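To start, the structure under review is shown below, and the notes come after it.
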Amino acid sequence: MDELIRILTQSLAEAIAPTTAAFAIAAIGLNLHFGYTGLLNMGQAGFMLLGAYGFGISTIAGAPFFLALLIALGAGLIFAVVLGIPTLQLRGDYLAIVTISAAEIIRWIGRSTWLQEWTGGASGLQGRNYKGTFQDLSPLPDGRTTIGPLEYINTGSDSWWTRLFAWGVVAVVLLFVWLITRSPWGRVLKGIREDEDAVRALGKNVYSYKLQSLVLGGMLGSLGGVLYVLPLTIAPDAMGRTMTFFAWTVLLLGGAATVFGPVLGSMIFFGAYMLMRTGMRALSENTGVGNIISTTNVEQIGGMLVGATLMLLVIFRPQGILGNKKELAFNVR
Amino acid sequence: MSADETTHAAPGTGPGDEAGRAPASVVDAAAAAAQEPSSATAVEARGELAEIEPVVGVSKPDAILVADDVVRRFGGMTACDVDHLEVQRGAITALIGPNGAGKTTFFNLLTGFDTPQSGTWSFEGRSLQGKSGARVAKAGMVRTFQLTKALSRLTVLQNMLLAAPDNPGERFWLSWLPFTWRAHEMAATEKAMEILARFKLADKAPDYAGSLSGGQRKLLEMARALMTDPTMIMLDEPMAGVNPVLVQSLLGHVQALRDEGMTVLFVEHDMHAVRHISDWVVVMAEGRIVAEGPPASVMRDQAVVDAYLGAHHDTDLGDDSLLDPEILARLEAEEEKR
Ligand SMILES: Nc1ncnc2c1ncn2[C@@H]1O[C@H](COP(=O)(O)OP(=O)(O)OP(=O)(O)O)[C@@H](O)[C@H]1O
Ligand SMILES: [Mg+2]
């Protein structure tokens, strides 16, 4: 019984973890791309990593917190423009190929010895080097706080302040995205998602709108990247293809083209992922299941199950949890 | 319709031009009289066109669109090769021709959806060459597509609102401030509902466009194009798949647009429709314009008949039985029963 409570508490903690908020924001960006505009960005992790580097490197160089945040967003903006200008003229699939390779390039440059002085190479940047400015902003008193089953220090890496800040950013971003997607601007994006030639024939500069969407979603990716590394370290290999793949799972689970989908998707995904892994570990340690699944295999099986979930999701519930069933009926044209 | 006495086709402009010219009959004049245009502007448009000699590439008194040497090749095949064409302002011009004649290709080139190997064209005196589809539409030349493009996962009303020009809320930095665009949106909604009502789609306004039937999508696309306040509207087979009764009312709408001063260029295979509403007909075959002239006479043109039916055929494409009110009345009655 104690064991069960421990497992449940752990998944609850994961559902409100700052990294979960970071994925929610990255998935909101992806939602602008895919859910609203129909752009296939397969390199959201590249935007996240670039944001993390932008923030970390400029902080280490002495930039105050908000300047470093702006630099991180600027890095996402430039990356989106550089990728978008040549590819958005082409058919949708090309963007997918270009973004996935560009994200890999960012990761390889990051982990190379070439820019090691700034990026820290393959081992990345230690958290203590760039977290100071953020933690200094904390309005919380010193000490620890317990809320329900959860207990953290008030200010620090894995703290209430990090959680408060990360979910506060999610709330602001949600409000903003809700406002822009219900506007005529958002309607143009949806029109482009449906048929860009039709929108072009109505006198809209489709290219410019696609670029705006790519930039905005990419900047949200970078913002997510900053939030992701606030409680961790900046490690290029932790922000690779798997991260993009998780962001997509989060988006499709919650429901593309819905406002709350990415947030709900992120909480459910990471909560369930944690539940599954801790549950399996507990079972294999304490019961006969251990003969089939050894504790060392739990991570691999977990990753495999995420893949299977994503596949089942797209096959049986492509609209996700919050998606509109009615809209789905016209997916096949 | 005095120019109907003889029909011409410019020499050396296409297949079948070596065939003999069929003299137009006096019946044409009567047929034309049966469909007198309904307003002053329309009478004017027809009147001006009636004095023009119906030869390929003839210049019009008030041309809104002028195209020169527009050539588009796909591999070794020349899909479009238009030497010279002028489209009269405020008139309904039909572009006809057999399947694969290059009509859609020509439309795509003019509207910036395809790039020709060579050619120049101008709209209202301004060159449109090299302009993107969006720029062409903004200039006032708005097109529809042969393969309908309904925006499925937007509602019918949203489809319409999307087309409204100059919406401040479509600018990103104003989009999150609803008070900056709400007034525009309200006005656009009112206008959209009016147009939808005209096309009998008003009660579909809240439905997803993806739930419309094929014919309804055609109507929506035309309604959406009108929402942009075009100077000239280019319709690629607007009547295809629309039921005969609605075709009648659509034809009425198109005429009404012309009477309001809009220029219409449309591609259509339904000869009855072409005959009924167009002021001028341009005929394409194998990428070239083989004839142009007033509807009544051009369909008797041997070059045109040849283009459609092959040589040695003497059918009149604009067969008047299709205009028979009795047949139409029967169709209408059948429609009512359904
Ligand atoms: N993208 C393309 N690639 C290759 N050939 C093409 C392309 N588009 C059109 N064609 C060819 O150009 C010719 C003209 O096609 P187009 O679509 O303009 O005909 P159309 O007059 O509109 O015919 P329809 O009345 O059937 O719509 C056809 O022979 C077609 O095969
Ligand atoms: Mg065609």
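If you scan the stretch B:108-159, which residues turn out to be assigned to a helix (DSSP H, G or I), more than 10 Å from chain A (Cβ to nearest Cβ) and closer than 20 Å to B:MET227 by Cα?
Across the stretch B:108-159, the qualifying residues are B:VAL156, B:LEU157.
Name every residue in the stretch B:104-120 that is away from ligand 2 (no atom under 16 Å from the Cβ), surrounded by 16 or more Cβ atoms within 10 Å (Cβ to Cβ) and under 21 Å from A:LEU202 (Cβ atoms), in order of residue number. Write out each step before concluding.
Applying the first criterion (away from ligand 2 (no atom under 16 Å from the Cβ)) to the stretch B:104-120 yields B:112, B:115-120.
Still in the list and also surrounded by 16 or more Cβ atoms within 10 Å (Cβ to Cβ): B:112, B:116, B:119.
Listed by number, the list holds a single entry, B:GLY112.
Which one of these is assigned to a strand (DSSP E or B) and either within 16 Å of ligand 2 (Cβ to nearest atom) or under 30 Å from A:ALA256 (Cα atoms) (or both): B:ALA94, B:ALA101? Please lay out each step first, then the result.
Working: B:ALA101 fails: assigned to a strand (DSSP E or B).
When all the criteria are applied, what remains is B:ALA94.
Please go through the stretch B:137-160 and give me each residue that is more than 16 Å from ligand 2 (Cβ to nearest atom) and surrounded by fewer than 24 Cβ atoms within 10 Å (Cβ to Cβ), ordered by number.
Within the stretch B:137-160, B:LYS138, B:ALA139, B:GLY140, B:SER152, B:ARG153, B:LEU154, B:THR155, B:LEU157, B:GLN158 qualify.
Determine the pairs where a residue that is more than 25 Å from B:VAL282 (Cβ to Cβ) and modelled with pLDDT under 90, located within the stretch B:213-239, has a partner that is open to solvent by 10 Å² or more (accessible area, probe 1.4 Å) and away from ligand 2 (no atom under 14 Å from the Cβ) with Cβ atoms under 6 Å apart, the partner being 6 or more residues away or on another chain.
B:GLY215/B:VAL242
Just give me the residues in the stretch B:63-96 being surrounded by 15 or more Cβ atoms within 10 Å (Cβ to Cβ) and among the acidic types (Asp, Glu), in sequence order.
If the condition is that a residue be surrounded by 15 or more Cβ atoms within 10 Å (Cβ to Cβ) and among the acidic types (Asp, Glu), then B:ASP68, B:ASP81, B:ASP83, B:GLU86 are the ones that fit.
Which residue out of B:ALA192, B:ALA223, B:ALA163, B:ALA188 is buried (at least 20 other Cβ atoms within 10 Å of the Cβ) and within 8 Å of another protein chain (Cβ to nearest Cβ)? Steps first, answer last, please.
On the way: B:ALA192 fails: within 8 Å of another protein chain (Cβ to nearest Cβ); B:ALA223 fails: within 8 Å of another protein chain (Cβ to nearest Cβ); B:ALA188 fails: within 8 Å of another protein chain (Cβ to nearest Cβ).
Unique residue meeting the criteria: B:ALA163.
At pLDDT 95 or above, buried (at least 17 other Cβ atoms within 10 Å of the Cβ) and more than 14 Å from chain B (Cβ to nearest Cβ): is that true of A:VAL173 in this structure? I'd like the intermediate steps shown before the answer.
On the way: at pLDDT 95 or above: yes; buried (at least 17 other Cβ atoms within 10 Å of the Cβ): yes; more than 14 Å from chain B (Cβ to nearest Cβ): no.
So A:VAL173 fails the test.
Go through B:SER297, B:SER249, B:SER213 for me and flag whichever is among the small types (Gly, Ala, Ser) and within 14 Å of chain A (Cβ to nearest Cβ). Spell out the reasoning first.
Working: B:SER297 fails: within 14 Å of chain A (Cβ to nearest Cβ); B:SER249 fails: within 14 Å of chain A (Cβ to nearest Cβ).
When all the criteria are applied, what remains is B:SER213.
Against the conditions (1) open to solvent by 20 Å² or more (accessible area, probe 1.4 Å); (2) touching a residue at least 60 places away in the same chain (Cβ under 8 Å); (3) away from every other protein chain (no Cβ under 14 Å), where does A:LEU283 fall short? Just the number, please.
The single condition A:LEU283 does not satisfy is (2).
How about the stretch A:176-190: which of its residues are polar (S, T, N, Q) and either assigned to a helix (DSSP H, G or I) or open to solvent by 20 Å² or more (accessible area, probe 1.4 Å) (or both)?
A:THR181, the sole residue that qualifies.
Does A:THR162 meet the test of being farther than 30 Å from B:ASP166 by Cβ, touching a residue at least 40 places away in the same chain (Cβ under 8 Å) and over 15 Å from the mean Cα position of the chain (by Cα)?
Details: farther than 30 Å from B:ASP166 by Cβ: yes; touching a residue at least 40 places away in the same chain (Cβ under 8 Å): yes; over 15 Å from the mean Cα position of the chain (by Cα): yes.
When the stated conditions are applied, A:THR162 passes them.
Working only within the stretch A:192-243, note down all residues that are under 10 Å from the mean Cα position of the chain (by Cα) and open to solvent by 10 Å² or more (accessible area, probe 1.4 Å).
A:LEU220, A:LEU223, A:TYR228
Please verify whether B:LEU246 is surrounded by 22 or more Cβ atoms within 10 Å (Cβ to Cβ), more than 16 Å from ligand 2 (Cβ to nearest atom), touching a residue at least 40 places away in the same chain (Cβ under 8 Å) and more than 21 Å from B:VAL87 (Cα to Cα), treating the condition exactly as stated. Please lay out each step first, then the result.
Working: surrounded by 22 or more Cβ atoms within 10 Å (Cβ to Cβ): no; more than 16 Å from ligand 2 (Cβ to nearest atom): yes; touching a residue at least 40 places away in the same chain (Cβ under 8 Å): yes; more than 21 Å from B:VAL87 (Cα to Cα): yes.
The answer is no for B:LEU246.
Hey, can you tell me all the residues within the stretch A:151-175 that are of a type in the set (D, E, K, R) and in a helix (DSSP H, G or I)? So that I can check it myself, show each step before the final result.
The initial filter retains those residues of the stretch A:151-175 that are of a type in the set (D, E, K, R), namely A:151, A:158, A:163.
Within the stretch A:151-175, just A:ARG163 meets the criteria.
I'm trying to understand the selection: among the residues of the stretch A:115-151, which are free of Cβ contacts under 8 Å to residues at least 24 places away in the same chain, open to solvent by less than 50 Å² (accessible area, probe 1.4 Å) and within 23 Å of the chain's Cα centre (by Cα)?
The one that is free of Cβ contacts under 8 Å to residues at least 24 places away in the same chain, open to solvent by less than 50 Å² (accessible area, probe 1.4 Å) and within 23 Å of the chain's Cα centre (by Cα): A:GLY121.
The values are calculated or read from the model by the stated rules, or taken from the named source; none is laboratory data. Quick caveat, the model's predicted, so the values are computed rather than measured. When we count neighbours, we look across all protein chains shown, and the Cβ atoms used for this are built from the backbone with ideal geometry, even at glycine. Calculation scope for accessible area: heavy atoms of the full protein, side chains included, ligands and nucleic acids excluded. Shrake-Rupley method; radii C 1.70, N 1.55, O 1.52, S 1.80 Å.
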